[in-house]
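See below for the structure under consideration.
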Amino acid sequence: MSAYILRRILYAIPILIGVNLITFLLFFVVNSPEDMARMHLGQKRVTTEAIQAWKAEHGYDRPLLYNDAASGLASLTDTIFFQKSVKLFAFQFGSSDDGRDIGYDISQRMWPSLAIAVPVLMVGLAFNISYALFIVFFRATYIDIGSVVLLVAMLSISSLFYIIGGQFLLSKAFHLVPISGYDQGLNAWKFLILPVIVGVIGGIGSGTRWYRSLFLEEIAKDYVRTARAKGLSERFVLFRHVLRNALIPILTGVVVVLPLLFMGSLITESFFGIPGLGSYTIDAISNQDFAIVRSMVFLGAVLYILGLILTDISYTVVDPRVRLQ
Amino acid sequence: MPLIPVILWTDALVLVLLALGLTFALYASRHEHLRDPWRRVVRSRVGVATLVVLMAYALVGLLDTVHLRLKQDARPGVEEARYSPEVLSLLDLALSGLRERQEKTYSAPFATHLFVKEAIDQPDGTVVRDYPRLKYGGAHLENPARQRGWDIAWRSLLGAVKGIIASGLFILGVCWLLARSWGVSLIEARDRILAGKTQVPWRTALMTLAALLVLSSVAAELALQYHVLGTDKVGEDVFYQTLKSVRTGLLIGTLTTLVMLPAALLLGIAAGYFRGWVDDVIQYLYTTLNSIPGVLLIAAVILMLQVYMSNHADSFTSLVERADLRLLFLCLILGVTSWTGLCRLLRGEALKLREIDYVQAAQSLGVGQFSVIARHILPNVMHIVLITLVLDFSGLVLAEAVLSYVNIGVDPTMNSWGNMINSARLELARDPVVWWSLAAAFLFMFTLVLAANLFADVVRDAFDPRLRQASGA
């Protein structure tokens, strides 16, 4: 088991190198630091000195891959590639365009992101599984058909409309909760209710539909027929046998997304003004702060790979038939 | 010539897509194992109803894809023909009334007065702050307060009657064609369709079509005199905007799959067919691309495109061209983030197919690797491509809205549902609320995505062999 995990972690390294190369290509080769400086300083009439000063200030004045001027190891390390890309491996994100430490910002901003993402995941999971079980219990009745139509309609609505609708109804029309914002510590709860509700409702369509099909697949299996033949009640079969076995794909599906919860939700956070990593990314995109976008790309890739490894491990934990070698 | 055609990049790709679709349809119609699932699709009631709705959208999108420039009036002394710099589409020409009837600013659906108060000069020289009359919306009414309700009702009725007549004629035509192909009388054909006992559920299809025709006829009749869905901040008709957005949504939904197709086909089949180190390299490639969060990759690429475009502003002759190129890039990058799924499916299928007898036989007879792939593997994975196209469509249409909201979607000057929602965001904070832009985008987007989702379900059920066995067919 530990050998397997070690091998998976080693296998992740070439992938991360690949991610790093892609971002490097995108951010420094397709457009030179010169273009970036011009973009930030204004379009047409920019002096060469101003561009040089901007590049020196942000550390883009080094050569891309190989530094002729330096000697020894420094000819490789004193380059944009090493300073801006390789250092990401040590989680040294550098500083953003306005001079803040990106690593510190990330460590601060991940908590609000988690404060929304974790409740959305938990409540959503509980609701979707219960609803799917309810539908499956009444399968092939009007409840089933009506629910499926409702679910397809719900998943055909853009997430933007859920947010806009939720804000409009709960905050503007009934003044139940503040429309957006955030507060320190436990006072944040009243700002969190609305995003959590919207997040859960927005996920019902796809989530419940998926769980329903998982349950239906499970219910067609032989052991369920055996259980019924033994004379077990439908409710007992559903909760004892079907639910427990269907939990395996559900659990592994959840484990994949667990690490990515840190990244927060771009749209939700920017709509509700929550200072998490999602709105951090959005702000960076609209301010064209490439250092932050680059860091978030790398962080996202690391978390994604972590999620894959965790999924494999969780398989062995919940399903004794699966052994990793 | 009174006009010259303009072919934008995306227009050309739509033509490629149409050609591919027709080729595949011809190919599938000659092969029973491909024809059978599609027959299943058109025999499902949900299938035909959603197909009719999707075709209506496709018609709007196609009309909007034929671009041209009109000839300008000849000036004295200038011999050569001059063409207007404005690139228009057939849809623009058809809706030129809607396009040209621009008000000053916001006005509600069916309004006769502007949404904001303005200083109006009275005939007697005094100035009153009031809601001014609209330039076009309901301008034919002398006393809007009294006449408007009756006028709207009368016009709706007129539109409905016209729609019913049009759909009646159309249905008659279809009945006549069907009667001929079945070899029965027209009455007999009508009875069969009405009883709903035909194999293809013609009754559902024709009823959906009639409903669409009547609805659009009513809307058209009303749109002659009113702004059916109101006007936006700069006074543009929202109905026109949302119809123009149809093309953007459809393009994102379909072209994305088209542009990623060559890469996915080539790499997926190569990985599955050759195995070994080729497989390893390709798997490494798609795992790497997959591990970058999609939104961030799109953001990074669109940012870079923005930098490039602002530094090379001279190389684009018109705004339309620039917006079009950005749309194409968006499709490309969305394709890069989503081709991995298709690639993995194709790899699995190729792994399976290479062991099948006829492929083994071809190999042992000494047929070259590439002929085997072209003759035996490729035709047998095309249905996967098609299903992916259908299944991914609705997700991509929804993604466009979200991306445009984050400003990494289509060009802000382009008509799209995402841009409509984005600009309507602040309008909800006004008092009274400006809701119509949002409602229009919601209505049209929801209809399209719902139809696409339902259609995708039917297609998937028809192609999924497991479900087919379960139903005993």
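The values are calculated or read from the model by the stated rules, or taken from the named source; none is laboratory data. Small disclaimer: the values here were computed from a predicted structure and weren't measured. Methodologically, a virtual Cβ is constructed for each residue, glycine included, from the backbone with ideal geometry; neighbour enumeration extends over all protein chains shown. To get the accessible areas, we keep the full protein, side chains included, count just its heavy atoms, and leave off ligands, DNA and RNA. Shrake-Rupley method; radii C 1.70, N 1.55, O 1.52, S 1.80 Å.
Could you list all residues from segment A:126-142 that are open to solvent by less than 40 Å² (accessible area, probe 1.4 Å) and among the hydrophobic types (A, V, I, L, M, F, W, C)?
A:Ile129, A:Ala132, A:Leu133, A:Ile135, A:Val136, listed by residue number.
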- request: Could you tell me whether segment B:433-454 includes any residue that is free of Cβ contacts under 8 Å to residues at least 60 places away in the same chain and over 23 Å from the mean Cα position of the chain (by Cα)?
  value: yes
task: Name the single residue, out of those in segment A:7-38 being more than 9 Å from every other protein chain (Cβ to nearest Cβ), buried (at least 18 other Cβ atoms within 10 Å of the Cβ) and in contact (Cβ under 8 Å) with a residue 40 or more places away in the chain, that is nearest to A:Leu308 (Cα to Cα).
output: A:Asn20
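Which helices (runs of 4 or more DSSP H) sit wholly inside segment A:40-137 and have at least 2 residues that are closer than 30 Å to B:Ser310 by Cβ and modelled with pLDDT of 85 or more? I'd like the intermediate steps shown before the answer.
Details: elements: A:48-58, A:74-77, A:102-137.
Where helices (runs of 4 or more DSSP H) fall fully within segment A:40-137 and carry at least 2 residues being closer than 30 Å to B:Ser310 by Cβ and modelled with pLDDT of 85 or more, they are A:102-137.
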- prompt: Within segment A:230-279, how many residues are in a helix (DSSP H, G or I), of a type in the set (Gly, Ala, Ser) and crowded, with 21+ Cβ neighbours inside 10 Å?
  reply: 4
message: Looking only at segment B:35-53, how many residues end up being assigned to a helix (DSSP H, G or I) and open to solvent by 30 Å² or more (accessible area, probe 1.4 Å)?
response: 9
message: Looking for something within 21 Å of A:Phe272 (Cα to Cα), more than 20 Å from the chain's Cα centre (by Cα) and either in contact (Cβ under 8 Å) with a residue 12 or more places away in the chain or within 9 Å of chain A (Cβ to nearest Cβ) (or both) - is there at least one such residue anywhere in segment B:409-423?
response: yes
message: I'd like to check something: does segment B:185-205 contain any residue that is open to solvent by 80 Å² or more (accessible area, probe 1.4 Å), within 29 Å of B:Arg101 (Cα to Cα) and not in a helix (DSSP H, G or I)?
response: no
field: Test: residue in segment A:183-193 that is more than 14 Å from chain B (Cβ to nearest Cβ), open to solvent by 60 Å² or more (accessible area, probe 1.4 Å), in a helix (DSSP H, G or I) and in contact (Cβ under 8 Å) with a residue 12 or more places away in the chain
entry: yes
Residue in segment A:204-217 that is among the basic types (Lys, Arg) and buried (at least 17 other Cβ atoms within 10 Å of the Cβ) present: yes
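Looking only at segment A:152-165, decide whether some residue is part of a helix (DSSP H, G or I) and away from chain B (no Cβ under 12 Å).
The answer is no, given that none of the residues of segment A:152-165 is part of a helix (DSSP H, G or I) and away from chain B (no Cβ under 12 Å).
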message: Return the pair list, or none, for Cβ contacts closer than 9 Å from residues in segment A:257-268 that are away from every other protein chain (no Cβ under 11 Å) to residues that are surrounded by fewer than 24 Cβ atoms within 10 Å (Cβ to Cβ) and part of a loop (DSSP other than H, G, I, E, B), at least 6 apart or on different chains.
response: none
message: Checking the structure you have, find out if any residue of segment B:148-164 is within 18 Å of B:Gln225 (Cβ to Cβ), open to solvent by 70 Å² or more (accessible area, probe 1.4 Å) and at pLDDT below 80.
response: no
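Got at least one residue in segment B:255-273 being within 14 Å of another protein chain (Cβ to nearest Cβ) and either part of a helix (DSSP H, G or I) or open to solvent by 10 Å² or more (accessible area, probe 1.4 Å) (or both)?
The answer is no, given that none of the residues of segment B:255-273 is within 14 Å of another protein chain (Cβ to nearest Cβ) and either part of a helix (DSSP H, G or I) or open to solvent by 10 Å² or more (accessible area, probe 1.4 Å) (or both).
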- request: Mind listing whichever residues of segment B:295-325 are farther than 16 Å from B:Val397 by Cα and either touching a residue at least 40 places away in the same chain (Cβ under 8 Å) or among the basic types (Lys, Arg) (or both)?
  value: B:Leu297, B:Ala299, B:Ile302, B:Leu303, B:Ser318, B:Leu319, B:Val320, B:Glu321, B:Arg322, B:Ala323, B:Asp324, B:Leu325
- prompt: Which of the helices (runs of 4 or more DSSP H) contained wholly in segment B:373-473 include at least 2 residues that are closer than 30 Å to B:Val42 by Cβ?
  reply: B:378-405, B:436-463, B:465-470
query: B:Ile282: touching a residue at least 24 places away in the same chain (Cβ under 8 Å), more than 8 Å from chain A (Cβ to nearest Cβ) and more than 30 Å from B:Ala350 (Cα to Cα), yes or no?
result: no
Residues that are open to solvent by 90 Å² or more (accessible area, probe 1.4 Å) and of a type outside the set (Phe, Trp, Tyr), drawn from segment B:3-31: B:Pro5, B:Ile7, B:Leu15, B:Leu22, B:Leu26, B:Arg30
- prompt: Within segment A:280-293, which residues are facing another protein chain (nearest Cβ under 8 Å) and surrounded by 18 or more Cβ atoms within 10 Å (Cβ to Cβ)?
  reply: A:Thr281, A:Ile282, A:Ile285, A:Phe290, A:Val293
message: On the basis of being within 12 Å of the chain's Cα centre (by Cα), at the interface with another protein chain (Cβ under 10 Å from one of its Cβ atoms) and over 22 Å from A:Gly199 (Cβ atoms), does A:Val297 make the cut?
response: yes
query: Residue check: is A:Tyr315 assigned to a helix (DSSP H, G or I) and either facing chain B (nearest Cβ under 9 Å) or under 30 Å from B:Leu428 (Cα atoms) (or both)?
result: no
- line: Within segment B:113-139, the count of residues that are over 10 Å from B:Tyr226 (Cα atoms), in a loop (DSSP other than H, G, I, E, B) and of a type outside the set (A, V, I, L, M, F, W, C) comes to 9
- request: Could you figure out which of (1) in a loop (DSSP other than H, G, I, E, B); (2) closer than 30 Å to B:Arg203 by Cα isn't true of B:Phe110?
  value: (2)
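Which one of B:Val397, B:Val406, B:Val434, B:Val385 is at the interface with chain A (Cβ under 8 Å from one of its Cβ atoms), touching a helix residue (DSSP H, G or I) at 6+ places or on another chain (Cβ under 8 Å) and either open to solvent by less than 30 Å² (accessible area, probe 1.4 Å) or of a type in the set (Ser, Thr, Tyr) (or both)?
B:Val406
Here's the yes/no breakdown for (1) aliphatic (A, V, I, L, M); (2) surrounded by fewer than 20 Cβ atoms within 10 Å (Cβ to Cβ); (3) within 10 Å of chain A (Cβ to nearest Cβ):
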site	(1), (2), (3)
B:Gly294	no, yes, yes
B:Leu297	yes, no, yes
B:Val301	yes, no, yes
B:Leu305	yes, yes, yes
B:Ser310	no, yes, yes
B:Ser315	no, yes, no
B:Ser318	no, yes, no
B:Glu321	no, yes, no
B:Leu325	yes, yes, no
